[in-house]
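Undergrad: This is the structure I want to talk about, given as structure tokens.
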Amino acid sequence: MPTDDTHTFSDRIPDGDDHIRKVCDTCGFIAYENPKLVAGAVVSHDDRILLCRRAIEPRRGFWTLPAGYMELNETTADAARREAQEEARADICINALLAVYSIPRISQVQIIYRATLEKPAFSAGPESLEVGLFAWDQIPWNDIAFPSVHWALNHYQEARGRDVFAPFSNPSGETGNMSRQGEADPAGI
């Protein structure tokens, strides 16, 4: 995208398009704005699930899966492994695509894998206050950060014990617009 002072952008519909875009008035460059991709995993070990308590906003202090925005030149699986390392200092082995969720209000697509810990070693990274392994009945359900974390955990449970299953998507009628606590969900996962 042109960045010098000779370029100004206007919102308009480019020829052959049907959406309003930011178009450079000088050279015609179109600055496309596309959804953000998030990658993460439901990570298990000894029948327990790895969760991270967020040290950052939004939803600081609430529990989530190790997940985050993809970087350029990275596969979704590589991004999920990197996020597990960054947030939980955990090395994971991805074994299946669990789900693909669409959160249109925040223009996000979330790719969630099913994974296991390569070794039972983990600790809080800079974006986590703490990290823990939780049995299903010990998951802090009322303190889960985002609706999509609820979806992923429930889809994980539904696919548990199955080697082959179709990846899940948003539960019927769910778009991730509100958290379980009735607050706007600003970041999805």
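Undergrad: Of all residues being modelled with pLDDT under 95 and either within 15 Å of the chain's Cα centre (by Cα) or among the β-branched types (V, I, T) (or both) in segment 165-178, which is surrounded by the fewest Cβ atoms within 10 Å (Cβ to Cβ)? Just the residue, please.
TA: Step by step, filter segment 165-178, then rank; the result is N177.
Undergrad: Among the residues of segment 107-117, are any in a loop (DSSP other than H, G, I, E, B) and under 13 Å from the mean Cα position of the chain (by Cα)?
TA: Yes, because at least one residue in segment 107-117 is in a loop (DSSP other than H, G, I, E, B) and under 13 Å from the mean Cα position of the chain (by Cα).
Undergrad: Then there's this: Residue check: is F134 touching a strand residue (DSSP E or B) at 6+ places or on another chain (Cβ under 7 Å), more than 19 Å from A159 (Cβ to Cβ) and in the same structural domain as H150 (by TED's automatic domain parsing)?
TA: no
Undergrad: Hey, among G16, G28, G40, which residue is in the same structural domain as I92 (by TED's automatic domain parsing) and not β-branched (V, I, T)?
TA: So the residue among G16, G28, G40 that is in the same structural domain as I92 (by TED's automatic domain parsing) and not β-branched (V, I, T) is G40.
Undergrad: Out of all the residues in segment 19-35, is one or more within 30 Å of F165 (Cα to Cα) and in contact with a strand residue (DSSP E or B) (Cβ under 9 Å, 6 or more places away or on another chain)?
TA: The answer is yes, given that some residue of segment 19-35 is within 30 Å of F165 (Cα to Cα) and in contact with a strand residue (DSSP E or B) (Cβ under 9 Å, 6 or more places away or on another chain).
Undergrad: While we're here: Between A124, A152, A79, which is farther than 13 Å from V42 by Cα, assigned to a helix (DSSP H, G or I) and either among the small types (G, A, S) or not assigned by TED's automatic domain parsing to the domain that holds R54 (or both)?
TA: None of the other options fit; the residue is A79.
Undergrad: For segment 43-63, enumerate the residues that are out of contact with any Ser or Thr (no Cβ under 6 Å at 6 or more places or on another chain) and either buried (at least 24 other Cβ atoms within 10 Å of the Cβ) or outside the structural domain of P120 (by TED's automatic domain parsing) (or both).
TA: V43, L50, L51, W63
Undergrad: Let me ask something else about it. Could you identify the single residue in V23, V38 that is farther than 25 Å from Y156 by Cα and surrounded by 15 or more Cβ atoms within 10 Å (Cβ to Cβ)?
TA: V23
Undergrad: Let me ask you something else. Which is surrounded by fewer than 22 Cβ atoms within 10 Å (Cβ to Cβ) and over 17 Å from the mean Cα position of the chain (by Cα), of E158, E127, E86?
TA: None of the other options fit; the residue is E158.
The values are calculated or read from the model by the stated rules, or taken from the named source; none is laboratory data. Predicted, not measured: the structure shown is a model, and the values here were computed from it. Cβ: placed from backbone, ideal geometry, glycine included. Neighbour counts: every protein chain shown.
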